[in-house]
Amino acid sequence: MRDPYDLSLESPAPAAAPLVAAGMPPLYLDGLNPAQRAAVEATDGPVLVLAGAGTGKTRVLTTRLVHILAQGLARPWQVLSVTFTNKAAREMRERVTFMVGPVAEAIWLGTFHALGAKILRRHAELVGLKPNFSILDDDDQQRLLKQILAAEGIDDKKWPARLLLGVIGRWKDRGLTPENVTRAEAGDLAGGRLLQLYHDYQARLLAVNACDFGDLLLHVLTIFGKHPEVLADYQEQFRYILVDEYQDTNVAQYLWLRLLAQKHKNLACVGDDDQSIYAWRGAEVGNILRFEQDFPGAKIVRLEQNYRSTPHILAAASGLIAKNRGRLGKSLWTNVEAGEKVSVRGVWDGEEEARAVGEEIERQQRKGASLRTMAVLVRAGAQTREFEERFLKLGLPYRVIGGARFYERQEVRDALAYLRLIHQPDDGLAFERIINKPKRGLGDATVSLLHQASRAAGISLLAAAEHLVATDEIKPAARRSLVGFLKDHARWRGLLETMPHPELAGLVLDESGYTGMLQADRAPEAPGRLENLKELVTAMAEFENLAGFLEHVSLVMENVEAAGTDAVSLMTLHGAKGLEFDTVFLPGWEEGLFPHQRNIDENGEKGLEEERRLAYVGLTRAKVRAFVSFAANRRLYGGWTSTLPSRFIRELPSEHIAIETAPGLNIGGRGTPEAPRRWGSSSAVIEARAEPITRRTPPDGGYDAGDRVFHVKFGYGTVKRVETDRLEIDFDKAGVKKVLDGFVQPADSV
């Protein structure tokens, strides 16, 4: 009897025995709808299962795998099932094991990286590795490349290892070895030497018998290309291949799958082109869009019956995503009752938006809803700050999913440490946190000397530093850096009484080099960190002075969520994929924020379509209620700016939304389709208070191109283009901007 864990490929496996008795109906098919059953039973040739949000794709994948084994189409070790996360792999293995028993352990089931590592360890010597090779994490990768940079005399401050590794990682995601990268593609990074650094980095990895995550597939692709007999063995072994979240595959993963499927061509990919939202980490939506061209004769099965959301939510999401050109198309539907329409609300500012969300959450609570059934999904991580502040005031427990709370984020803590040291020079913890951040050549040895001097004299670390720079106890280079820091600190502290504290914070972050450090960081999360710093400065403007703000932060940091607490979920839209909640709040639907301007600037129409897919993902997380909102004004760096409602709001089908706006606001000229459903007990009343930017009624006939106008923030300008109530204006000093017509007035009326 063959050991199911013996994965040798020397001889073909014997015919598999069915796991169900002859003549007995397969009970595992019970409960599947017709489309799901078709996806499960289509076992001959390539299959693409377009699984819309909430249509039961996990059940289809699991049942299909069981069906292959139950019908005797393959032995467990002849099935390759690929997931994107370890969590998904564990869940699928548990389900399959429950249905077929211990034989499920022999299935090749796991993530791309895990399965790539499994193959690579069996053939490591073919690429110059030993089977016990190490897999380096991010820190080890950076340390290794820094050694190479130092040996080559390349300044790590000018060309950070993290930045260069990001580029190398993207090459690996595309299946490119150093030999396949052109010099033109390498450009002038690292002084035009990045391609050579890639060669050296790969050589160094081999020398220490290690690889990074990108190598786990790249090396396997190299083995398959140079040793066709190895590829042929795996092609023979894997009679069936199943892939989850196919829309998120990168080029290397695509090539790996395509090679393995060439023999039997029984490749079943499950995915949703409308939920491809990870282009920033290498995902290629084109992989799923061209499936029929890559695998001629492929069967396409659409899972369109949704088991999650109400018809209004589905129709709103479907109407929005239909605006995308790059999609295969499907129409979600459900048998559940119509439910509530999607609420779209316009408010004056972010504070009012957070207040409205808080009121609605409390209203749902009074009706018996649990906080864990509610979520606030934001486009940018910095948006969580206002909601965290509001929830703390209301005493609403919340948890930030997929990241730290706003004031606990590394860059925010660093910025706060600078401010704490300015406010209170004896704060040794703050001094130690930021003395070498960004790097100033003040390492552990210098900090150790400062601690010794501090303890010996009974003085603060800052005072010890002021004393030591007058001696020769510190090396010259470190002493010069420390003197520069002390002078900067003294100047910043001197400005505390004369400069507004938000402005001072921005100055400190710029002059310290901290902002520049993040601007030079090409990691995907770096722009988000910069946005968090901007939001920190914005938050400071709400307090009279720096002392009051720092005290507020200290009190906020004391509010720690107890384990098991019923709490509202706060997360980004990217982090929400795969989750579902009864009630979902989608704030910040404004041009520039959502869709995010950076994605459009960098990727054009392709970026816009990904942003629209992200909006679709957000809406389809909601099971019962969805609340979309936008603010007419946002405070940025302590100043106010007017904003435009997102184009996505205009694209929502009017028959499936209920619009509510503050007096004087509208949404692109659209009428209100019905009397709005209020968000909370007081949301029908906009509080009477002085607003930073006031909405005015446009003159009779509106504005025309060429009209001179005045804006309270941007000053005088000339209208260039008119689109309903949206104006494109060339301001004399602020440049070209788009604003609503209600936020300007004729120049001759000022």
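What nm distance separates the two modelled labels at residue 294 and residue 33, each placed 7 Å from Cα along Cα→Cβ? Computed distance between label sites residue 294 and residue 33 equals 2.7 nm. In the stretch 103-223, what percent of the accessible surface is made up of carbon and sulfur (1.4 Å probe, ligands and nucleic acids excluded)? Here it works out to 50 percent. Bridging of residue 330 to aspartates and glutamates at a Cα separation below 12 Å is possible for 272, 273, 274, 304, once same-chain residues fewer than 8 apart are set aside. About the centre of its Cα atoms, the chain shows a dipole size close to 1020 debye [charges on the beta carbon of Lys, Arg (+1) and Asp, Glu (-1) only; nearest 20 debye].
Taking each residue as 0.36 nm, the span from residue 43 to residue 542 lengthens on full extension beyond its C-alpha to C-alpha distance by 173.5 nm.
The sum of -39500 (n - 2.57) across all DSSP H runs of n ≥ 4, divided by the residue count of the chain, sets its helix-only mean residue ellipticity at 222 nm to -12500 deg cm²/dmol.
So if each residue of separation counts as 0.36 nm, and I subtract the Cα-Cα distance between residue 716 and residue 704, what length gain in nm does that give?
Details: separation 12, 0.36 × 12 = 4.32 nm, distance 1.54 nm.
Residue separation times 0.36 nm, minus the Cα-Cα distance, leaves 2.8 nm.
For residue 263, a cut-off of 19 angstrom between C-alpha atoms picks up these lysines, skipping any fewer than 8 places away in its own chain: 226, 299. Here each label is just a point 7 Å from Cα along the line to Cβ, and for residue 747 and residue 493 those points are 5.0 nm apart. Three semi-axes describe the equivalent ellipsoid of the stretch 441-563; taken as square roots of 5 times the Cα gyration tensor eigenvalues and ordered largest first, they are 30, 19, 17 Å. With the convex hull drawn over the C-alpha atoms of the stretch 453-524, the volume per residue is 133 Å³.
Across the chain, C-alpha contacts under 8 Å between residues 6 or more apart give a mean separation that, scaled by the residue count, equals a relative contact order of 14 percent. Counting only lysines at least 8 places from residue 437 when in the same chain, those with an alpha carbon closer than 24 Å to its own are 146, 157, 158, 475, 487, 534. Note that the stretch 507-657 carries a Kirkwood radius of 18.1 Å, evaluated over its alpha carbons pair by pair. As a size descriptor, the averaged projected area of the C-alpha convex hull of the stretch 228-301 was calculated at 5.0 nm².
Relative to the Cα centre, what is the charge dipole magnitude of the stretch 85-172, using +1 at the beta carbon of each Lys and Arg, -1 at the beta carbon of each Asp and Glu, and rounding to the nearest 20 debye?
Details: 15 positive and 11 negative charges, 37 e Å.
Approximately 180 debye in magnitude.
The listed residues 172, 437, 720, 157, once ranked by accessible area (1.4 Å probe) with the largest placed first, stand as 157, 720, 437, 172.
Entry note, the stretch 489-625: relative contact order of 20 percent, from Cα contacts under 8 Å with a spacing of 6+ residues.
Taking 0.36 nm per intervening residue step and subtracting the Cα-Cα distance, what contour gain separates residue 114 from residue 335 on full extension?
On the way: separation 221, 0.36 × 221 = 79.56 nm, distance 3.94 nm.
Result: 75.6 nm gained on full extension.
Each principal axis of the Cα atoms in the chain has its own extent, and those three values, largest first, are 84, 76, 53 angstrom.
Considering only DSSP beta bridges with both partners in the chain, what is the antiparallel share in %, to the nearest 5? Could you put the intermediate results ahead of the total?
Numbers: 26 of 76 bridges.
Close to 35 percent.
When all protein chains stay in place and ligands, DNA and RNA are ignored, the 1.4 Å accessible-area order of 244, 732, largest first, is 732, 244. Summarising the label geometry, the points placed 7 Å from Cα in the beta-carbon direction at residue 448 and residue 363 lie 6.2 nm from one another.
Show me, bin by bin at 10 Å from 0, the whole-percent P(r) of the stretch 168-285 based on Cα pairs. Final binned percentages: 13, 35, 34, 16, 2. Looking at the chain, the accessible area is 43 square angstrom per residue; that uses a 1.4 Å probe and ignores ligands, DNA and RNA.
Accessible surface for residue 280 stands near 120 Å², nearest 10, in the context of the full protein assembly shown (1.4 Å probe).
The values are calculated or read from the model by the stated rules, or taken from the named source; none is laboratory data. If you're wondering where the values come from, they're calculated on a predicted model, not measured in any experiment. For neighbour counting, all protein chains shown are included, and Cβ atoms are generated from backbone atoms with ideal geometry for every residue, glycine included. Note: accessible area is taken over every heavy atom of the protein model, side chains too, but ligands, DNA and RNA are not part of it. Shrake-Rupley method; radii C 1.70, N 1.55, O 1.52, S 1.80 Å.
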